[in-house]
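Asker: Take a look at this one; I'll ask things after.
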Amino acid sequence: MCGIVGIVGITNTVPRMMEALHRLEYRGYDSAGVATLHGGELHRCRAVGKIAALDSKLVDQPIKGDIGIGHTRWATHGEAVEVNAHPHMADGLAVVHNGIIENFASLKKELIENGHNFEGETDTEVVAHLISEYLARGLAPKDAVFETLKRIEGAFALAIIIKNENERIFAARRGSPLVVGMGKGENYLGSDAIALASLSNKLIYLEEGDWAEISREAVTVFDMTGAVVTRPVTYSQVSNTFADKGNYRHFMQKEIFEQPFILAQTIGKYFDQTGGGVKLPAGDFDFANVSKVTIIACGTSYYAALVAKFWLEKMARISVEVDIASEFRYRDPVYTEGGLAIFISQSGETADTLAALKHAKAAGQSILSILNAEESSMSRESDMVFPIYAGPEIGVASTKAFTCQLIVLAALATEIARARGKLDEAGVVSAINSVGEIPKLVADVLSNHKGIEKIAHKIAKARDILFVGRGLHSAIAMEGALKLKEISYIHAEGYAAGELKHGPIALIDENVPVIGLAPHNELFDKTVSNLQEIMARQGQVIVISDHDPSAVGSNGEDLMSFKMPKCDDIASPIVYAVPVQLLAYYAAVEKGTDADQPRNLAKSVTVE
Ligand code: M6R
């Protein structure tokens, strides 16, 4: 998490750094700060909260300088208070950092013993003090930075400016991404291409262990041994326009409501409705002979993986293992020769997913990533990249990216099933036709949003809420619970409906609403039995179904319900995702929480 920007410029850097920080806000919004060099002296301004708070503070306490570094923070070590905000300073130098310095405690002890005074509780501050320690011992700035890099452990991207060093920024990366942008008589540094979108599209991605000296005229990259290395120059396609909310109150609302159009766009990229079958950007990869599929992701992307497991096993009759990325590489997973490892990520930067990807790659698996951010760390490490074409998703809660991930996974499942001889041409045509219905089905749900708003009004005061479903819809139940808790702060859990009686049913009483996802499919009767077990214990069941809610029974009064359109097994998880997104959104609005930037979260999770 955390976003970094740096400019070695020929004019004042502060307005441009602030613009870049606004672009980087998706990485964290606990605090922000900038530091500049002006006339050889360091200047700094920091503020707690979103970037807008720093904008305001800079009006009252302006700083300027042709060289500067900036930061937006997602707190890891130390509370979100001003002393813990970056840039951190020590004796005439300033540092910004993304990542975690794992050996900070022992370094801090050593530095305190050497007479250093620390201002806050961050791990980052040791980097500033360590460089200043080496400078005080007489090392040249470049050597002081290099010695410091040899001492610190963990994952980091760093940018450093030093008093009287008016010509350069030092940068380093290990574990966390960092990109250098090249300009005319100026050069730049950022966490990613998005940060630099309005500064430069000519980029050098620093590689693992690289560090660099960036001046106005030159960029010198060193590897871990200190040898000068050449890294390729690439040209970014990332747009420099800011996404806007249009007439919507929140980005999340806009992103939910634009799904019919966005889904149609993604469907058009993967499914040829005119008889051309499924189109995958996989080159000549042989899906027929894949021995096993492993799918890894986090959060909402993980729930997309759970849906894909159902589809792949049912349609393609292939064994699929699904795991959360933060656990995967630590459990010594068993790979099979000829295995396909699929990574799903909206951002393409999630640290756990990226690390799992590298683990699978090192084990010789073929790597396929399903990404929204086509220019990302994961795309650079993958053998195949399947973009989801959702467009920028600004709301921290993932909505349209989830449904677009499912479209791409449906295309993949259909093609693997076809390649393995489990789906004939008629089956492929039927899958294409059912996917083609999705935009209209989603539009139907959205046009009835008032019904969900009413339910949200009813549940918004609850302390705990359960979501249940069976089969494919157990994953949507979990997604619904995640969505609700992350933006409305109501405690919610999602379960496979049949699991309730193994423990969670103990939570049920008249104050606990239970959202039952009950499409009228082969598991409908089983779902109804589970919902009746809840009603028998006074749970307030709310049914989301294409069937008559009276078939579920009643609690003495009519059940609250939301009527869904009829859909088959491919369309259903995508279409049922929409009411649970709306429910979370309207509950957040009712509670007055920040639906787009909920507390404690960030859009891109770049720490382990
Ligand atoms: O960018 P990714 O898809 O890798 O992100 C994974 C999760 O952090 C993300 O889906 C998170 O759970 C969302 N905030 C959920 O709405």
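Asker: By how many degrees, 0 to 90 and rounded to 10, does the Cα axis of helix 141-151 deviate from the longest principal axis of the chain?
Answerer: In the chain, helix 141-151 runs at an angle near 50 degrees to the longest axis.
Asker: Can you compute the modelled spin-label distance between VAL59 and ASP286, with each label point 7 Å from Cα toward Cβ, in nm?
Answerer: It is 6.5 nm.
Asker: Using a 10 Å cut-off on Cβ atoms, rank the peptides 98-107, 389-398, 37-46, 271-280 from the highest mean neighbour count down.
Answerer: The densest-packed peptide leads the list: 389-398, 98-107, 37-46, 271-280.
Asker: Another question about this same structure. Please turn the phi angles of the stretch 95-106 into ³J(HN,Hα) values with the Karplus equation 6.51 cos²θ - 1.76 cosθ + 1.60 (θ = phi - 60°), one per residue in order, whole Hz, x for glycine and proline.
Answerer: With coefficients 6.51, -1.76 and 1.60, one gets 9, 10, 8, 10, x, 9, 8, 6, 9, 5, 5, 5 Hz.
Asker: Could I ask something else about it? Sort 504-510, 367-373 for me by packing, meaning the mean count of neighbouring Cβ atoms within 10 Å per residue, highest on top.
Answerer: Most protected by this proxy first, the peptides run 367-373, 504-510.
Asker: Let me ask you something else. Hey, got the dipole for the chain? About the Cα centre, +1 on K and R Cβ, -1 on D and E Cβ, debye to the nearest 20?
Answerer: 620
Asker: Tell me, how many Å apart are the Cα centres for the stretch 79-97 and for the stretch 487-519?
Answerer: Comparing the Cα centres of the stretch 79-97 and the stretch 487-519, I get a distance of 44 Å.
Asker: Here's a follow-up. With a 1.4 Å probe and all protein chains left in place, how much accessible area per residue does the chain have, in Å²?
Answerer: Accessible area per residue, the chain: 38 Å².
Asker: Relative contact order of the chain: what whole-number percent is it, with Cα pairs under 8 angstrom and at least 6 residues apart?
Answerer: 12
Asker: What residues qualify as long-range amide H neighbours of LYS279, i.e. H under 5 Å apart, gap of 5 or more or another chain, H built at 1.01 Å from N?
Answerer: Amide H to amide H, under 5 Å and 5 or more residues apart or across chains, LYS279 pairs with PHE271, ASP272.
Asker: Can you give the relative contact order of the stretch 251-436 as a percent, counting alpha carbon pairs under 8 Å and 6+ residues apart?
Answerer: With pairs under 8 Å counted, the relative contact order is 31 percent.
Asker: Ignoring ligands, DNA and RNA, please state the percent of accessible area on the chain from carbon and sulfur, probe 1.4 Å.
Answerer: Accessible surface attributable to carbon and sulfur in the chain totals 50 percent.
Asker: Let me ask another. Measure nothing fancy, just the Cα-based angle from helix 438-447's long axis to the longest principal axis of the chain, in degrees from 0 to 90, nearest 10.
Answerer: Roughly 90 degrees, rounded to the nearest 10.
Asker: On a 0 to 90° scale, report how tilted helix 259-270 is relative to the longest principal axis of the chain, with both axes built from alpha carbons and the result rounded to the nearest 10.
Answerer: Taking the Cα atoms of the chain, the angle to 259-270 is about 90 degrees.
Asker: Which order do peptides 584-592, 332-340 fall in by mean Cβ count within 10 Å, highest first?
Answerer: 584-592, 332-340
Asker: Taking amide H positions as placed in the peptide plane 1.01 Å from N, state which residues far from ASP123 in sequence (5 or more) or on other chains have amide H under 5 Å from it.
Answerer: Distant-sequence amide H within range of ASP123: HIS77.
Asker: Just list whichever of LYS454/LYS563; LYS64/LYS184; LYS440/LYS461; LYS254/LYS279; LYS202/LYS361; LYS50/LYS245 have alpha carbons separated by over 23 Å in the model shown.
Answerer: Check vs 23 Å cut-off fails for LYS440/LYS461; LYS254/LYS279; LYS202/LYS361.
Asker: Still on this structure, please answer the following. Which whole-Hz couplings ³J(HN,Hα) result when phi for each residue of the stretch 153-159 is put into the Karplus expression 6.51 cos²θ - 1.76 cosθ + 1.60, θ = phi - 60°, listed in order with x for Gly and Pro?
Answerer: Each residue of the stretch 153-159 in turn: 10, x, 10, 7, 10, 10, 10 Hz.
Asker: Residues with amide H under 5 Å of GLN540's amide H, sequence separation 5 or more or different chain, H placed in the peptide plane at 1.01 Å from N; which?
Answerer: Close amide H contacts, sequence-distant or interchain: VAL512, VAL514.
Asker: How charged is the neighbourhood of GLN265? Take every other residue with its Cβ under 11 Å from the Cβ of GLN265, and add Lys/Arg as +1 and Asp/Glu as -1.
Answerer: Overall, the nearby charge balance is +1.
Asker: Also, quick follow-up: Taking the Cα-to-Cβ direction at ALA506 and at ASN114 and moving 7 Å from each Cα, how far apart do the two end points lie in nm?
Answerer: Computed distance between label sites ALA506 and ASN114 equals 5.3 nm.
Asker: Relative contact order for the stretch 446-608 using alpha-carbon pairs under 8 Å, separation at least 6, rounded to a whole percent?
Answerer: Computed value for the stretch 446-608: 29 percent relative contact order.
Asker: Mind listing the phi-derived Karplus ³J(HN,Hα) values for the stretch 41-51, rounded to whole Hz, using 6.51, -1.76 and 1.60 with θ = phi - 60°, and x for any glycine or proline?
Answerer: Going residue by residue, I get 9, 8, 10, 9, 9, 9, 8, 7, x, 6, 4 Hz, with x marking Gly and Pro.
Asker: Next up: Could you tell me whether the stretch 251-436 comes out rounded, prolate or oblate from its Cα gyration tensor? Rule is a ≥ b ≥ c as square roots of the eigenvalues, rounded for a/c under 1.5, then prolate if a/b exceeds b/c, otherwise oblate.
Answerer: oblate
The values are calculated or read from the model by the stated rules, or taken from the named source; none is laboratory data. In this text, all values refer to a predicted model and were calculated from it rather than measured experimentally. In this analysis, Cβ positions are derived from the backbone assuming ideal geometry, glycine residues included, and neighbour counts consider all displayed protein chains. All accessible areas refer to the heavy atoms of the entire protein, side chains included, with ligands and DNA or RNA removed. Shrake-Rupley method; radii C 1.70, N 1.55, O 1.52, S 1.80 Å.
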